[in-house]
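The values are calculated or read from the model by the stated rules, or taken from the named source; none is laboratory data. Just so it is clear, the model here is predicted, and its values are computed rather than measured. Glycine also receives a Cβ, built like all others from the backbone with ideal geometry; neighbour counts cover every protein chain displayed.
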Amino acid sequence: MSGTDEFPILGIDHVEFWVGNARQAAHYYQNAFGFHRAAYAGLETGLKDRTSHLVVQGEVRFLLTGALAPDGPVADHVRAHGDGVRDVALRVPNAEQAFAVAVARGATPVHEPVVSEDEHGKVVRAAIGTYGDTIHSLIQREEYVGPFLPRFVSIEQTNDRTVGIVSIDHIVGNVELGKMNTWASYYAEVMGFTNMVHFKDDQISTEFTALMSKVMWDGVGRVKFPINEPAPAKKKSQIDEYLEFYRGPGVQHLALRTDDILRTVSELRDRGVEFLRVPDTYYKDVASKFADMRDEVDVDALRELAILADRDDEGYLLQIFSKPVTDRPTVFFEIIQRHGSRGFGLGNFKALFEAIEREQELRGTL
């Protein structure tokens with residue numbers, strides 16, 4: 001963003017999941033995905049209605065929050081949606097200004113700026129709404145040196161479980177039919193984002209299902225938010241399935257970047273993370289597409305781990321998608337490694353969606 005922008009964003013501060021059991025969720029992300037527990041807040045630190053565990057890997061911070069009572073906002077959210085993303089928190093240099101600008105531009109206010117302080121300094125937080133029950137907290141933390149936020153205590157732990165995840169590449173939201181353009185305009189008008197790429201239903205389709213997507217971004221790559229909506233087709237698309245089981249719009253998947261996808265995916269598989277698999281015939285096309293890069297791209301290794309590969313005029317990318325990590329067929333993860341390409345794997349969409357459809361058929365939801 002330019003220096004004169006009224007809504008500058010420094011990046012994604014953290015992603016907060018509201019879950020049924022925060023302690024067990026933290027254990028899962030620690031042991032399956034290689035995060036380490038870095039901070040905690042709960043009854044012992046003065047919270048009365050919830051407990052939160054912060055897990056960290058590279059630049060990625062997941063806050064896992066559970067309710068301490070059968071009612072209240074966290075419990076209600078989990079009852080409606082299952083485990084899911086409540087907050088994609090954005091770090092900003094001035095939370096009061098960002099909130100005022102966003103609301104003036106049409107953002108839905110969730111809570112006005114609040115200053116929290118402890119012996120480590122102060123944090124200013126505000127929040128605005130986005131699709132469904134998802135929010136964007138606006139976090140100003142330049143004057144804070146604590147482990148995360150006030151009321152959090154540090155958990156000393158070595159990060160020897162890492163699988164090589166370094167950052168969040170993008171976060172994808174699913175919205176209802178006819179709402180993609182509404183939310184794309186929201187990000188453009190409120191945050192000054194631009195449309196990086198638009199995928200139409202004839203580009204993201206199979207014989208049975210289709211969807212449309214617009215990728216909104218901050219212009220420099222720190223924040224990228226693809227927004228999906230279903231498209232009319234013969235059968236129920238993955239977006240329709242998500243909307244049905246999540247009970248509305250929300251975050252569908254988070255793409256986590258690695259610099260060594262072969263190592264990362266091998267580690268994740270060894271720890272029990274399940275991934276979608278495309279037919280072996282897909283790799284004949286990959287071998288042809290990368291025929292001049294055999295020394296750099298090991299197609300046999302990609303086939304063994306079911307990793308997808310796509311190439312464009314800027315370079316190439318490698319990616320793989322997990323099966324849902326929650327009881328409901330909603331939230332999942334993408335692991336991605338970029339070599340110049342800023343794309344999203346357009347050449348992989350058909351094979352990927354056919355793999356998703358096979359999973360939907362097993363669930364009886366296609």
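Within the range 96-118, the set of residues being under 14 Å from SER137 (Cα atoms) and in a loop (DSSP other than H, G, I, E, B) comprises ALA107, THR108. Of the residues making up the range 212-248, those that are crowded, with 19+ Cβ neighbours inside 10 Å and part of a loop (DSSP other than H, G, I, E, B) are ASP218, VAL223, ALA231, SER237. For the range 301-317, the condition of being under 30 Å from TYR28 (Cβ atoms), touching an Asp or Glu at 6+ places or on another chain (Cβ under 7 Å) and either buried (at least 21 other Cβ atoms within 10 Å of the Cβ) or not assigned by TED's automatic domain parsing to the domain that holds SER213 (or both) holds for at least one residue. In the set LEU54, LEU43, only one residue is closer than 25 Å to ILE165 by Cβ and at pLDDT 95 or above; that residue is LEU54. Figure legend. Inter-residue proximity from the range 236-252: first residues without any contact (Cβ under 8 Å) to a residue 60 or more places away in the chain and of a type outside the set (Gly, Ala, Ser), second residues assigned to a strand (DSSP E or B) and buried (at least 23 other Cβ atoms within 10 Å of the Cβ), beta-carbon distance below 8 Å, spacing 6+ or different chains. Indicated pairs: ASP240/PRO230. No other residue among VAL60, VAL19 is closer than 27 Å to VAL220 by Cα, among the β-branched types (Val, Ile, Thr) and not assigned by TED's automatic domain parsing to the domain that holds PRO324 apart from VAL60. Specify the residue that is surrounded by the fewest Cβ atoms within 10 Å (Cβ to Cβ); the eligible residues are those in the range 100-134 that are in contact (Cβ under 8 Å) with a residue 40 or more places away in the chain and among the charged types (D, E, K, R). Looking at residues that are in contact (Cβ under 8 Å) with a residue 40 or more places away in the chain and among the charged types (D, E, K, R), I get ARG105.
Of all the listed residues (ARG263, ARG342, ARG277), the sole one being in contact (Cβ under 8 Å) with a residue 40 or more places away in the chain, assigned to a helix (DSSP H, G or I), outside the structural domain of TRP18 (by TED's automatic domain parsing) and of a type in the set (D, E, K, R) is ARG263.
The set of residues in the range 322-336 being over 11 Å from the mean Cα position of the chain (by Cα) and part of a loop (DSSP other than H, G, I, E, B) consists of LYS323, PRO324, VAL325, THR326, ASP327, ARG328, PRO329, THR330.
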